[in-house]
Amino acid sequence: MVVEPAAPLPCTATEGLALPAGWSPQVPLPPGMVVFRTERRIEDQLIAYSRVPGDFHDVVQFFDRQLPPAGFKLRNAEVDPFDAEGDFLGTSVRGRFSVGLAADCDGQANLTMLVLPATAPAPTASALPSATS
């Protein structure tokens, strides 16, 4: 596993790390997403830890609206009072997202995303750390 950490990200940050090499440009990303840590795991699993402006419900709505037009099916979506997660599947890439409150930054949400080739085994909930942890 290759991990690229960043220094602690201030709530006002508007720039962060680049997405890991190999990240599919097909996957829609919420506006204002600032990546603060990345990982490359086995079987081409790429993970981006980020912060996005807005409530976590805004991020869920973004994926609900933007994934289908980009060619993805949203599956296994679950929304709880303080977090949400879901899977998405396209023709060449699949993934999973977890979004939760950014307790340390008012008006922002933590977003963790995992992407991998569609031919790889489906990611499980345990493959992706919770956005609230």
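Please indicate, with yes or no, whether at least one residue in the stretch 79-86 is part of a loop (DSSP other than H, G, I, E, B) and touching a strand residue (DSSP E or B) at 6+ places or on another chain (Cβ under 7 Å). Looking for residues that are part of a loop (DSSP other than H, G, I, E, B) and touching a strand residue (DSSP E or B) at 6+ places or on another chain (Cβ under 7 Å), one finds at least one in the stretch 79-86, hence yes. For the stretch 28-38, indicate whether the set of residues that are at pLDDT 90 or above, in a loop (DSSP other than H, G, I, E, B) and in contact with a helix residue (DSSP H, G or I) (Cβ under 7 Å, 6 or more places away or on another chain) is non-empty. Checked the stretch 28-38: at least one residue is at pLDDT 90 or above, in a loop (DSSP other than H, G, I, E, B) and in contact with a helix residue (DSSP H, G or I) (Cβ under 7 Å, 6 or more places away or on another chain).
Looking across the stretch 1-27, the residues that are modelled with pLDDT of 90 or more and in contact with a Gly (Cβ under 9 Å, 6 or more places away or on another chain) come down to Ser24, Gln26, Val27. The set of residues from the stretch 57-75 being in a helix (DSSP H, G or I) and within 13 Å of the chain's Cα centre (by Cα) comprises Val59, Val60, Phe62, Phe63.
Residue-level check: of (1) farther than 24 Å from Arg37 by Cα; (2) at pLDDT 95 or above, Arg75 misses just (2). Total residues in the stretch 92-133 satisfying the condition of being assigned to a loop (DSSP other than H, G, I, E, B) and either on the phi > 0 side of the Ramachandran plot or modelled with pLDDT under 90 (or both): the figure is 19.
A quick yes/no check of all residues on (1) farther than 19 Å from Gly107 by Cβ; (2) touching a Ser or Thr at 6+ places or on another chain (Cβ under 8 Å); (3) surrounded by fewer than 15 Cβ atoms within 10 Å (Cβ to Cβ):
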residue	(1), (2), (3)
Gly16	no, yes, no
Pro25	yes, no, yes
Pro30	no, no, no
Val35	no, yes, no
Ala48	yes, yes, no
Arg65	yes, no, yes
Pro68	yes, no, yes
Phe72	yes, no, no
Phe82	no, yes, yes
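The values are calculated or read from the model by the stated rules, or taken from the named source; none is laboratory data. Predicted model only: the values in this text are computed from it and were never measured. Heads up, the Cβs are rebuilt from the backbone with ideal geometry, glycines too, and the neighbour counts pull from every protein chain shown.
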